[in-house]
Structures are given as C-alpha cells and as structure tokens.
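The values are calculated or read from the model by the stated rules, or taken from the named source; none is laboratory data. These figures come from a predicted structure and were not determined experimentally. Cβ placement follows ideal geometry from the backbone for every residue including glycine, while neighbour counts extend to all protein chains displayed.
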Amino acid sequence: MAIEYQILKSSSATQPYYWRVVETGNNSVLATSETYVRKQSAIDSAYSVKNGSATGGIFDYTAE
C-alpha cells in the first residue's frame with residue numbers, strides 16, 4: 001500500500017488550500033484536512049500528520 005499526501009486547491013476563495021491522504025494503489029482517500037488560507041499552512045499541517053506515519057510522500061497538485 002503506497003500512501004501519498006496531496007496538497008490541493010479548494011473551491012473556497014478565502015481558504016483555497018487543503019491536503020488529503022490517498023492510497024495510490026486504488027486511489028482511496030483516507031483523510032482530508034480542513035481548508036487553509038496559506039498554502040504553506042496546508043503543507044506544514046500535512047508534514048505534521050506525515051511525521052506520525054511510516055511512509056508516504058507529499059505531492060503538490062496546486063499547479064503553482
């Protein structure tokens with residue numbers, strides 16, 4: 001089971017970033033965060049969760 005932490009854009013104009021944890025084998029979403037004003041806040045939060053897990057990388061899908 002491969003795990004990926006994805007940074008994504010939400011539809012919110014005021015809080016446009018969030019992250020989710022995805023199992024890449026079957027593309028199952030295992031967890032989704034709240035939304036964040038700053039992209040770096042979403043990244044920091046994803047790293048905080050990732051530090052408690054054994055595997056997985058963080059991937060930025062915001063195209064910025």
Is there any pair linking a residue in segment 7-33 that is within 13 Å of residue 59 (Cβ to Cβ) to one that is at pLDDT below 95 and assigned to a loop (DSSP other than H, G, I, E, B), with Cβ under 8 Å and at least six apart or on different chains, and which? 7/61; 7/62; 8/61; 8/62; 21/56; 24/2
Hits in segment 22-62 (condition: among the hydrophobic types (A, V, I, L, M, F, W, C), out of contact with any helix residue (DSSP H, G or I) (no Cβ under 7 Å at 6 or more places or on another chain) and closer than 10 Å to residue 7 by Cα): 42, 43, 46, 59
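Anything in segment 15-34 that is under 17 Å from residue 64 (Cα atoms) and in a loop (DSSP other than H, G, I, E, B)? List them, or say none. Give the steps one after another, and end with the answer.
From segment 15-34, those under 17 Å from residue 64 (Cα atoms) are 15-19; that's our starting set.
Result: 15, 16.
If you check 48, 53, which single one turns out to be part of a helix (DSSP H, G or I) and exposed (fewer than 12 other Cβ atoms within 10 Å of the Cβ)? Spell out how you get there, then give the answer.
Working: 53 fails: part of a helix (DSSP H, G or I).
Unique residue meeting the criteria: 48.
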